[in-house]
Every structure is written in C-alpha cells, then in structure tokens.
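S.K.: First the structure, then my questions, so here it is.
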Amino acid sequence: MRALVVIPGRQLHGAERALMDLATSWRNRGGVSIVATPDDGAASRAAHAAGIETHDLRQRRGALRHALRLRSLVDRQTVDVVIVDSDEGAWSAAVAVRMARRGVVVRRVAAGEALPAGWRSRWSAKLARIGFVFTLPATGADAAPAGPLGVRLAEARDDADEAFDTPPRLICVAGSREAEGRALGEVLRAFALLRRRFPRLRLAIVGVQDRTMQTRARLHAAALRVAEGMDWISDPLHGVEALRRAEIGCVVAGGDDCVYGLLDLMAWGIPVVASRTTLSEHYVADGIHGALLAVMDAAHIASELSAMLASPDGRTAMGHAARMRVQREFSDADMAAPFELMASRLLRRSA
C-alpha cells in the first residue's frame, strides 16, 4: 500500500515525531510511505535523512486550499491511504480523497486524546471512508486497533563514568503547557531540596519550547539558587548525550511528549519518576521500571529521587527491567502495523 503521511508541524516533537516514526515503520515493513510536510521543518529533514520521499505542504489559507493540495498529491502519487492526526487534517484529507475518487483516511488519536466528536469529524465520515487508530486501547472501541508509540532501543550504557567519580545526574522531560510548567516548578523545588544532601547533583531539563516558560523556570531556578547545577536542552533530539549520562529521569510532559519521554528514558535503561495517570501506567509498572506518584509535589518527588540516588543497585535493576520492556513491547519497528490493518479494512469496504 502507498501511504501519504501528513505532518503539518515544523518541529519534531510529540505528534510530529510519532507521524515520522510511523512513516519510517511503514516503509521498513515493505510499504511505500510519502511524507507531506513544510520543507523548511525538522520533519522534512528527518524524512530526507531516512530516504523517504517528501513533498512541501506549507500551511495555506483556508482548509479548502489545503485539501486541494492534498488532492493533487493523492492523484499524482496514487495514494491508497492518507494518515493524519487532527480533526482539521482529517477533514482536508477526506475532501482530498473524495475529489480524487481514490483512497481512505486513517486518523491517529494521540496519547491522552479523546475520540474526536466535533463537526469536522462528522463531515469527514460523510465525505470519505475514515478509521481511527488509538495510541492507547480505547474502551468500547473494539473495532479500532490500538497503535502504541515505540522507540528504537538505545545502545547499552556502561559504567565507565562512575569510575571517574562524576556527579550524579538527573534528567527531566518537560512540555510547554501551563500545567506542565507548574509541574516543572515542583521538580525544581525538589532539586533544590536534593542538593542539600547531594551537593554535586546536576539536572538537565529537556523539551521546554515555550520561551516564556523557559524564562520563568530559569528565574525560578535562580531564586532557588540551583541554576549553576542545571543544563537546558530545548530540542529533545539534542538530548541524547544527556540521556546517556543520566541516572534517573523525571517526566512532567503530557500526551505524546509524555510517552516519548518515558520510552526514551526506559530505552536507555534509566528508571523513571512520573505522575500516576492512565497514560503513564500503560508504560511504567510502579516499583519495577520506576515510580509513579499520586501527588507530584516537591516533597514527594524529592523523597522518591533521594531513595533512588541512595540505591545504585535498585536503580540498575529498575533500569534493566525498563529497557527489557521497551525491547519486548514498544519497538518502533511495528508502529505501522495497526495503521496497515485499519487501512486494509477500509479499502475492502470501499471495493
């Protein structure tokens, strides 16, 4: 099958990264994947690096113009399925396949997102064959296959750094939503508490894109007098070295960013600390791969991190279990399988 994967964003975080991984998995499983994305964005560069055909899809004024651009790609590339991840994208794709008289639409429902129920979803279903693939299994939607996110298993870490008595390191994966900013503030306060017991402790913050939030967090760190022990990494793709050198990870992001934060840490064999939610419980077993906290405040975070820092053997065991679970259940190689299944169902109904 020939799949057109629409990636409207210019960054490569969360949903954009999920779609790029999906396109790569589709190609590696023997299908033909084509990526439509702004040619000046990170997704376009990643697609070129992976050897995937790309077409420029700059955001145009009006959903109809966007749909016409998609229609031309569906026609010229003889596309069988258009894969999108938003109501707006599904509507444009439905118009495109209806006008082209070929193909179906598969809508990815992101981690933590409810089943779309707006007017665009209703009209999309009237215009074209459309199916949904949920990142987490959806209650009462047995016909819709679940498509969990996956990552590539990281290279095995060694303990060479410990021989040089390097400072212990934490890494925090954060997002840019207001609630995530508040949670990041709790992590900073926990870090300040931990520095009293572990004065050489360092903290790397990964993934905060919003400049206003980052400025507030930097000022907060300065007020707590811990700024000199921190590193800021805006782009998660540049955080590989930070991941390799971290002992414990803390995730305060939401949605797809949360899932990728958890899986990236686990793939490196790093135990994780996160809020106890339906999303985090799907990927992390409390006490086995890390710790899930019912209350994500500074005191609880500091207490859990302190216990982990004081127990190297416990950290190693949790990290090994986390890495093995990613290898066993959350490989990026199979991400495209549920989308292929849904597309096949829809195409058979259209025949």
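The values are calculated or read from the model by the stated rules, or taken from the named source; none is laboratory data. Quick caveat, the model's predicted, so the values are computed rather than measured. Quick reminder, even Gly has a Cβ in these numbers, built from the backbone with ideal geometry, and neighbours come from all protein chains shown.
S.K.: When A221 is evaluated against the numbered criteria (1) modelled with pLDDT of 90 or more; (2) surrounded by 20 or more Cβ atoms within 10 Å (Cβ to Cβ); (3) touching a Pro at 6+ places or on another chain (Cβ under 6 Å), which criterion, by number, is the only one it fails?
M.R.: It is condition (3) that A221 fails.
S.K.: Another one. Can you tell me which condition L188 does not meet? The list is (1) in contact with a strand residue (DSSP E or B) (Cβ under 9 Å, 6 or more places away or on another chain); (2) in a loop (DSSP other than H, G, I, E, B), and all the others hold.
M.R.: Going through the list (1) in contact with a strand residue (DSSP E or B) (Cβ under 9 Å, 6 or more places away or on another chain); (2) in a loop (DSSP other than H, G, I, E, B), L188 breaks only (2).
Residue-by-condition table, conditions (1) outside the structural domain of P199 (by TED's automatic domain parsing); (2) of a type outside the set (G, A, S); (3) touching a strand residue (DSSP E or B) at 6+ places or on another chain (Cβ under 8 Å); (4) at pLDDT below 95:
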site	(1), (2), (3), (4)
G261	no, no, yes, yes
W268	no, yes, no, yes
V273	no, yes, yes, no
S280	no, no, yes, yes
L292	no, yes, yes, no
M296	no, yes, yes, yes
A310	no, no, no, yes
D313	no, yes, no, yes
A321	no, no, no, no
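S.K.: Can you tell me which residue is surrounded by the fewest Cβ atoms within 10 Å (Cβ to Cβ) among those in the stretch 36-68 that are modelled with pLDDT under 90 and among the basic types (K, R)?
M.R.: R61
S.K.: Out of all the residues in the stretch 204-216, is one or more in contact (Cβ under 8 Å) with a residue 40 or more places away in the chain, closer than 16 Å to P168 by Cβ and surrounded by fewer than 24 Cβ atoms within 10 Å (Cβ to Cβ)?
M.R.: Yes, the stretch 204-216 contains a residue that is in contact (Cβ under 8 Å) with a residue 40 or more places away in the chain, closer than 16 Å to P168 by Cβ and surrounded by fewer than 24 Cβ atoms within 10 Å (Cβ to Cβ).
S.K.: Need the failing condition index for M20 against (1) of a type in the set (A, V, I, L, M, F, W, C); (2) closer than 26 Å to V252 by Cα; (3) at pLDDT below 90; (4) assigned to a helix (DSSP H, G or I), just the number.
M.R.: If we test M20 against (1) of a type in the set (A, V, I, L, M, F, W, C); (2) closer than 26 Å to V252 by Cα; (3) at pLDDT below 90; (4) assigned to a helix (DSSP H, G or I), just (3) comes out false.
S.K.: Follow-up question, since we're still on this one. Quick check on G269: is it at negative phi and surrounded by 16 or more Cβ atoms within 10 Å (Cβ to Cβ)? Quick ask: steps written out before the conclusion?
M.R.: Details: at negative phi: no; surrounded by 16 or more Cβ atoms within 10 Å (Cβ to Cβ): yes.
When the stated conditions are applied, G269 does not pass them.
S.K.: Right, next: Being in a helix (DSSP H, G or I) and in the same structural domain as A125 (by TED's automatic domain parsing) is true for just one of L305, L346. Which residue is that? Give the steps one after another, and end with the answer.
M.R.: Numbers: L305 fails: in the same structural domain as A125 (by TED's automatic domain parsing).
L346 is the lone residue from the list that is in a helix (DSSP H, G or I) and in the same structural domain as A125 (by TED's automatic domain parsing).
S.K.: Kindly evaluate T278 against the criterion of being polar (S, T, N, Q), exposed (fewer than 14 other Cβ atoms within 10 Å of the Cβ) and under 25 Å from the mean Cα position of the chain (by Cα). Spell out the reasoning first.
M.R.: Details: polar (S, T, N, Q): yes; exposed (fewer than 14 other Cβ atoms within 10 Å of the Cβ): yes; under 25 Å from the mean Cα position of the chain (by Cα): yes.
Yes, satisfied.
S.K.: Then there is this: Suppose the filter is touching a strand residue (DSSP E or B) at 6+ places or on another chain (Cβ under 8 Å), in a helix (DSSP H, G or I) and among the aliphatic types (A, V, I, L, M); does A43 pass it?
M.R.: Details: touching a strand residue (DSSP E or B) at 6+ places or on another chain (Cβ under 8 Å): yes; in a helix (DSSP H, G or I): yes; among the aliphatic types (A, V, I, L, M): yes.
Judged against the criteria, A43 is a match.
S.K.: Oh, and also: What pairs come up if the first residue lies in the stretch 91-108 and is at positive phi, the second is surrounded by fewer than 24 Cβ atoms within 10 Å (Cβ to Cβ) and of a type in the set (S, T, Y), and their beta carbons are under 9 Å apart, counting only those six or more places apart or on different chains?
M.R.: Correct list of pairs: G103/T78; G103/S350.
S.K.: Scan the stretch 247-266 and tell me whether some residue there is under 28 Å from R10 (Cα atoms) and more than 18 Å from the chain's Cα centre (by Cα). Quick ask: steps written out before the conclusion?
M.R.: The initial filter retains those residues of the stretch 247-266 that are under 28 Å from R10 (Cα atoms), namely 249-266.
Then keep just the ones that are more than 18 Å from the chain's Cα centre (by Cα); that gives none.
Within the stretch 247-266, not a single residue is under 28 Å from R10 (Cα atoms) and more than 18 Å from the chain's Cα centre (by Cα).
S.K.: Looking at G131, is it in contact (Cβ under 8 Å) with a residue 24 or more places away in the chain, on the phi > 0 side of the Ramachandran plot and either surrounded by fewer than 22 Cβ atoms within 10 Å (Cβ to Cβ) or outside any helix (DSSP H, G or I) (or both)?
M.R.: On the way: in contact (Cβ under 8 Å) with a residue 24 or more places away in the chain: yes; on the phi > 0 side of the Ramachandran plot: no; either surrounded by fewer than 22 Cβ atoms within 10 Å (Cβ to Cβ) or outside any helix (DSSP H, G or I) (or both): yes.
No: the conditions fail for G131.
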